[in-house]
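**Q** The structure is given below, and queries will be raised subsequently.
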């Protein structure tokens, strides 16, 4: 009489080859799937980077196109700012309101000098000044979409340098 284990081994032998082939194919498919996932992730990241680059370039191009126009309008605001005529003042206020609705903002000048937002057109030394600060605004500055169209032109007050003592001559 045959041993039941021998019967199972003989019957399972041809299936082991099929099972090994299926396992091998499954391993290859898993490897291919992993490679495809990696490729998909890289391409998705690349697409995101391209979209960000396109957005940055588009914003820069839009700013480059509109900046000269905004600068001219700001110069016009400067010219009519000093007028005492009510009509001119009304036009100036309305023009500023239109610019603000479109994203143009007047730079709020702080007491400390910020070279990103301000341009020093005059420097005054003072003994009372503890640190470099703004003494007055000559022309307002403006930003559009977070970029400076024209920096505020300011007078900067800086501490007066102490007079250097004369060198004594030792003989």
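Table: residues versus (1) loosely packed, with under 13 Cβ neighbours inside 10 Å; (2) part of a helix (DSSP H, G or I); (3) modelled with pLDDT under 90; (4) under 28 Å from the mean Cα position of the chain (by Cα).
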position	(1), (2), (3), (4)
39	yes, yes, no, no
44	yes, yes, no, yes
64	yes, yes, yes, yes
68	yes, yes, no, yes
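**Q** Give the residues of the stretch 75-90 that are touching a residue at least 24 places away in the same chain (Cβ under 8 Å) and over 20 Å from residue 142 (Cβ atoms), sorted by residue number.
**A** If the condition is that a residue be touching a residue at least 24 places away in the same chain (Cβ under 8 Å) and over 20 Å from residue 142 (Cβ atoms), then no residue fits.
**Q** Which condition from (1) farther than 29 Å from residue 156 by Cβ; (2) modelled with pLDDT of 90 or more; (3) assigned to a loop (DSSP other than H, G, I, E, B) is the one that residue 84 breaks?
**A** Here residue 84 meets the rest and fails (2).
**Q** Looking only at the stretch 97-109, count how many residues are out of contact with any strand residue (DSSP E or B) (no Cβ under 7 Å at 6 or more places or on another chain) and either under 21 Å from residue 136 (Cα atoms) or assigned to a loop (DSSP other than H, G, I, E, B) (or both).
**A** Residues in the stretch 97-109 being out of contact with any strand residue (DSSP E or B) (no Cβ under 7 Å at 6 or more places or on another chain) and either under 21 Å from residue 136 (Cα atoms) or assigned to a loop (DSSP other than H, G, I, E, B) (or both): 2 in total.
**Q** Quick one: in the stretch 90-110, of everything that is over 24 Å from residue 62 (Cβ atoms) and more than 25 Å from the chain's Cα centre (by Cα), which residue is surrounded by the most Cβ atoms within 10 Å (Cβ to Cβ)?
**A** Filtering first and then ranking leaves 92.
The values are calculated or read from the model by the stated rules, or taken from the named source; none is laboratory data. Worth saying up front: this structure is predicted, and the values here are computed from it rather than measured. Cβ atoms come from the backbone with ideal geometry, glycine included; neighbour counts cover every protein chain shown.
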